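What follows draws every value from the coordinates through simple rules; no lab data is involved. Note that the structure is a prediction, hence the values are computed from the model and not measured. Cβ: placed from backbone, ideal geometry, glycine included. Neighbour counts: every protein chain shown.
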Amino acid sequence: MSNHERNRWKGFILGAVGSATGVIAMRYYWKAASALAGGDPRKQGDNREPHTLDSIAVIGKHREEGESSTAVMGRIAYQLIAGKEPESQETRTTLSYVTHWVYSMLMGGLYGVVRGKVDAPDVRGGLALGTGVWLFGDELATPLLGLAVGPTAYPLSMHAHAFGAHVAYGLASSAATQLLYRVVP
């Protein structure tokens, strides 16, 4: 294995490990947002008329009512592996958490490969990571794949909160990854 290949694997591993900090930062973002809003913004209703962009799925709807995109992906993966639906809500919740962690670590790993070792703190890289995961994952890919509702199904405040949570993820992931680059030979 060449040194260049080794550095890519090192970057992927450090980014994946560093992204755990990002997932934790995202969790604290939602706790703070919930405390300030007087309840979880993700669970607050929107009293508006339905809109044509409430669903932009190009390959059909895969989500069940009230199911998050990570819960949908976890359920689909379970069905592919086990050949049946998950039986309990506890299993569905666990699958959602596992899916979120795996996806986050994959994105953090890609950050580690693309950015490599840079001057800490890597604010630009962290902002790019968080914004990219929010825009291309949360706002585009999941609704287009039928894993989430479309952009008009949520109020603008929810999009803003989701952006804030993903920026927290990106900044914390990049900071932890760059710290790992400094301590791991």
Problem set entry | Rel. contact order, % - alpha carbon contacts under 8 angstrom, at least six apart, the stretch 84-172 | 35 percent
Problem set entry | Entry for Kirkwood radius over Cα pairs in Å (calculated from the structure that is shown) out of (1) 17.5; (2) 17.1; (3) 18.9 | (1)
Exercise. Excluding same-chain residues fewer than 8 positions from Lys10, which lysines have a Cα within less than 19 Å of its Cα?
Worked result: Lys117
Seminar exercise, completed: If one compares the long axis through the Cα atoms of helix 123-132 with the longest principal axis of the Cα atoms of the chain, the angle in degrees, nearest 10, works out at 30 degrees
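Relative contact order of the chain, please, whole-number percent, based on alpha carbon pairs below 8 angstrom and at least 6 residues apart. Let's see the in-between values first.
Details: 265 pairs, mean separation 78.2, N = 185.
The value is 42 percent.
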Seminar exercise, completed: Largest fluctuation, Gln79, Gln89, Gln44 only, Gaussian network model of the chain with Cα springs under 10 angstrom, belongs to Gln89
For this session: Could you check which residue among Val102, Val133, Val23 shows the biggest mean-square fluctuation in a GNM of the chain with a 10 Å Cα cutoff?
Result: Val102
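In whole percent, what relative contact order does the stretch 33-101 give with Cα contacts below 8 Å and a gap of six or more residues? Working shown, then result.
Working: 40 pairs, mean separation 17.3, N = 69.
Computed value for the stretch 33-101: 25 percent relative contact order.
Run the dipole for the chain about the Cα centre, Lys and Arg Cβ at +1, Asp and Glu Cβ at -1, nothing else charged, and hand back the magnitude in debye, nearest 20. Don't skip to the answer; put the middle values down first.
Numbers: 17 positive and 15 negative charges, 145 e Å.
With Lys and Arg at +1 and Asp and Glu at -1, about 700 debye.
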Exercise. Lys/Arg Cβ at +1, Asp/Glu Cβ at -1, dipole of the stretch 1-109 taken about the Cα centre: which of Gly38, Thr21, Gly60 is farthest positive-ward?
Worked result: Thr21
Seminar exercise, completed: Taking the dipole of the chain about the Cα centre (Lys, Arg +1; Asp, Glu -1; charges at Cβ), the one of Met73, Leu110, Leu145 that reaches farthest to the positive side is Leu110
Problem set entry | All aspartates and glutamates inside 17 Å of Lys84 as judged from Cα atoms, apart from same-chain residues fewer than 8 positions distant | Glu64
Exercise. How far is helix 156-183 tilted, in degrees, relative to the longest principal axis of the Cα atoms in the chain, given as a value from 0 to 90 rounded to the nearest 10?
Worked result: 20 degrees
Exercise. Taking the Cα centre of the chain as the origin and placing charges on Cβ (Lys, Arg +1; Asp, Glu -1), which of Leu179, His166, Thr91 is farthest toward the positive end of the dipole?
Worked result: Leu179
Seminar exercise, completed: Within the set Tyr78, Tyr169, Tyr111, GNM on the chain using Cα springs under 10 Å gives the largest fluctuation to Tyr78
Problem set entry | Hits among aspartates and glutamates - C-alpha to C-alpha of Lys31 under 14 Å, sequence gap 8 or more where chains match | Asp40
Exercise. Expressed as an acute angle from 0 to 90° and rounded to the nearest 10, what is the orientation of the C-alpha long axis of helix 69-82 relative to the principal long axis of the chain?
Worked result: 90 degrees
